[in-house]
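Peer 1: Right, I'll just put the structure down here and ask away after.
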Amino acid sequence: MDDILGLFDSCSPTAQSLVIQRLLSRFHPQHYLLLRLSSVLSPLLKVDFISNCPTEISVRILHYLDAKSLCHAAQVSSTWRRIADDDVIWHRMCEQHIDKKCAKCGWGLPVIRSGRVGGRGAGLQVGGGGGGGGGDGGGEEGTATATAVAEIDEARDRSDSASAHGGDDRGDCTSSTGKKRKRVDDSDDTAAAAAADDGARRCWKRIYAERLVVERNWRRGQHERRDLAGHLGAVLCMQFDECQSLLVTGSADRTIRLWDVDSGRCIGTLHGHGGDVTGVRFDDHKIVSCSADRTVRIWSRRSLESIHVLRGHRDAVLSVHLEDRLLASGSADCSIRVWSVADGRCSVLSGHAAAVHRVTILPRSARLLSCSADGTARLWDLATRACLRVFSGHAAAVRGLHVSLPLARKPLASTESRAAAPRLVTASADGTVRVWDLDRSDCAAVLYGHDCEVRCVAADTLRVVSGSADGRTIVWDLESGARLYSIPAAGPGGLSCCCISDTKLIVGGDDGVCRVFSFAH
């Protein structure tokens, strides 16, 4: 045997190849030697390119995988997992999906600013539609999301800064800007350091996974419901801050109630209005409400006492909106009044031919949106008091509006996601919901599905929620206009207001009950 092997070793590579081919041709197809050869040769022919390549190249390769494939790759080996779970890969994955639609898969994920599913973030104040003040969530959403945007950008800047100095121990990779990060070390010391760092700040893969669970629940209509009962009349308006778990509602029983949504308790009741409370807004220091008694009241959040009453409207005030130091109110007298919270000065916008059902001050701009029973919505310039655009198309009164504004995030080099454009969503008594391009005043989509008057509407950058007089709630996809599903009426009467956050949908009905649908779990 040694002589045969020595003779084989002395042959040239060409001769060795020829000998091997002649030997294989002499084996029977079912011979066990062929099976043994196969088991020996197969591992030699496989190349672990992720482990063998420099980590920068491996990370670049894994950049092209979707989230599901990345999770599968993480199960191959400990080395693959360490690279597939790298923060740079999952940070990019989050930027492709959070608060926008991914151009590849068509999915978008909610921001979850409050961190109530384990994440961090700033509070979100999102109003519901209908009945006054509930649907004008654009202003508060734009203001509150600034903190959430800052947090994401800060995390990105911190990651880039650490990368530039080689001080990040999460993995060796090159970011989209070409900055280097420290090489992955297989030692136990590095693993321990990474684990300690995980405790200090959460990894982007976990952030992505939490939002994916919530988005799947939204798409499938899987939710938990909780009823908040206490009002003796119809719930006409509401605003919700998910970060504080605070819901403020106004009712036809002339009261305003504050709710802790997590516990379901009413934590305060405000009395003072002489008519139906048709609109509510709040910030960290004050609550603003309007009523059919023709007044707008400002309340202290700390003492829950009325500290100022604004008068000027000649008929019922149907809507109110608060943005920074400006307060806007819309009335059945067909006018819009814009008040300065600091000194009480007031300016009047005239142009609607019927009652103004909703007003919304756009954040970071001197503009205001309104909708009216004359069947139109209007965009106003607060500096000149001029009407800039008229959104016409509804065949009946426009009862609610909501502004969907994308996060003002830093531009990305990647083109693999579609940033949401500013959209105006309106609900009408003609039974339709319309989506408008806010910049061009063009109607982008007409959503059909309700069989009666649509009283309220709310939206974010991914979906639209509308409620009608028959008590039914419909969830739509904002971009395509497709109807995702319908939530049947849970009580007698119709819906007067609704609001939407990243994980919750809240509706208020004629029966005086607020129903909270949670999609977080």
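Peer 1: If T384 satisfies every condition in (1) touching a Gly at 6+ places or on another chain (Cβ under 9 Å); (2) of a type outside the set (K, R); (3) without any contact (Cβ under 8 Å) to a residue 12 or more places away in the chain but one, which is the exception?
Peer 2: (1)
Peer 1: Additional query: Let me confirm something: among E242, E210, E224, which residue is touching a His at 6+ places or on another chain (Cβ under 9 Å) and charged (D, E, K, R)? Don't jump to the end; show me each part of the working.
Peer 2: Numbers: E242 fails: touching a His at 6+ places or on another chain (Cβ under 9 Å); E210 fails: touching a His at 6+ places or on another chain (Cβ under 9 Å).
Step by step, each of E242, E210, E224 is checked, and only E224 is touching a His at 6+ places or on another chain (Cβ under 9 Å) and charged (D, E, K, R).
Peer 1: Something else now. Any chance region 309-326 includes a residue that's at pLDDT below 95, assigned to a strand (DSSP E or B) and surrounded by fewer than 16 Cβ atoms within 10 Å (Cβ to Cβ)?
Peer 2: yes
Peer 1: Another one. Kindly list the number of the only condition in (1) out of contact with any Lys or Arg (no Cβ under 9 Å at 6 or more places or on another chain); (2) buried (at least 21 other Cβ atoms within 10 Å of the Cβ); (3) not in a strand (DSSP E or B) that fails for D439.
Peer 2: Evaluating D439 over (1) out of contact with any Lys or Arg (no Cβ under 9 Å at 6 or more places or on another chain); (2) buried (at least 21 other Cβ atoms within 10 Å of the Cβ); (3) not in a strand (DSSP E or B) leaves (2) as the failure.
Peer 1: Right, next: Output the number of the condition that R385 fails; it satisfies all remaining conditions of (1) farther than 21 Å from M238 by Cα; (2) within 32 Å of the chain's Cα centre (by Cα); (3) of a type outside the set (S, T, Y).
Peer 2: (2)
Peer 1: Just checking, which of A84, A73, A15 is aliphatic (A, V, I, L, M), surrounded by fewer than 21 Cβ atoms within 10 Å (Cβ to Cβ) and within 30 Å of N217 (Cα to Cα)?
Peer 2: Numbers: A84 fails: surrounded by fewer than 21 Cβ atoms within 10 Å (Cβ to Cβ); A15 fails: within 30 Å of N217 (Cα to Cα).
Result: A73 is the single residue among A84, A73, A15 that is aliphatic (A, V, I, L, M), surrounded by fewer than 21 Cβ atoms within 10 Å (Cβ to Cβ) and within 30 Å of N217 (Cα to Cα).
Peer 1: Which ranges mark the strands (runs of 3 or more DSSP E) fully within region 234-308 that have 1 or more residues being aromatic (F, W, Y) and within 19 Å of H402 (Cβ to Cβ)?
Peer 2: 235-241, 277-282
Peer 1: Condition (residue is free of Cβ contacts under 8 Å to residues at least 60 places away in the same chain and closer than 18 Å to V454 by Cβ) applied to region 495-506: is it met by at least one residue?
Peer 2: So far as region 495-506 goes, no, none of its residues is free of Cβ contacts under 8 Å to residues at least 60 places away in the same chain and closer than 18 Å to V454 by Cβ.
Peer 1: How many of the residues making up region 279-308 are surrounded by 24 or more Cβ atoms within 10 Å (Cβ to Cβ) and more than 20 Å from V235 (Cα to Cα)?
Peer 2: The total comes to 0.
Peer 1: Against the conditions (1) open to solvent by less than 10 Å² (accessible area, probe 1.4 Å); (2) in contact with a strand residue (DSSP E or B) (Cβ under 6 Å, 6 or more places away or on another chain); (3) at pLDDT 80 or above, where does Q96 fall short? Just the number, please.
Peer 2: Answer for Q96: the failing condition is (1).
Peer 1: If you go through region 232-245, how many residues are open to solvent by 10 Å² or more (accessible area, probe 1.4 Å) and closer than 24 Å to G491 by Cα?
Peer 2: Going through region 232-245 one residue at a time, the tally reaches 4.
Peer 1: Quick one: which residue in S251, S289, S245 is among the hydroxyl-bearing types (S, T, Y) and at pLDDT below 95?
Peer 2: From the options S251, S289, S245, the qualifying one is S245.
Peer 1: For region 382-399, state whether one or more residues are open to solvent by less than 10 Å² (accessible area, probe 1.4 Å) and touching a helix residue (DSSP H, G or I) at 6+ places or on another chain (Cβ under 7 Å).
Peer 2: Scanning region 382-399 turns up no residue that is open to solvent by less than 10 Å² (accessible area, probe 1.4 Å) and touching a helix residue (DSSP H, G or I) at 6+ places or on another chain (Cβ under 7 Å).
Peer 1: Separate question: Between a first residue in region 329-355 that is of a type in the set (K, R) and a second residue that is assigned to a loop (DSSP other than H, G, I, E, B) and open to solvent by less than 20 Å² (accessible area, probe 1.4 Å), which pairs have beta carbons less than 7 Å apart while being 6 or more apart in sequence or on different chains?
Peer 2: R337/H313
The values are calculated or read from the model by the stated rules, or taken from the named source; none is laboratory data. Computed from a predicted model, the values in this text were never measured in an experiment. Quick reminder, even Gly has a Cβ in these numbers, built from the backbone with ideal geometry, and neighbours come from all protein chains shown. Ligands, DNA and RNA are stripped out before the accessible areas are found, and what is left, the full protein with its side chains, is counted by its heavy atoms. Shrake-Rupley method; radii C 1.70, N 1.55, O 1.52, S 1.80 Å.
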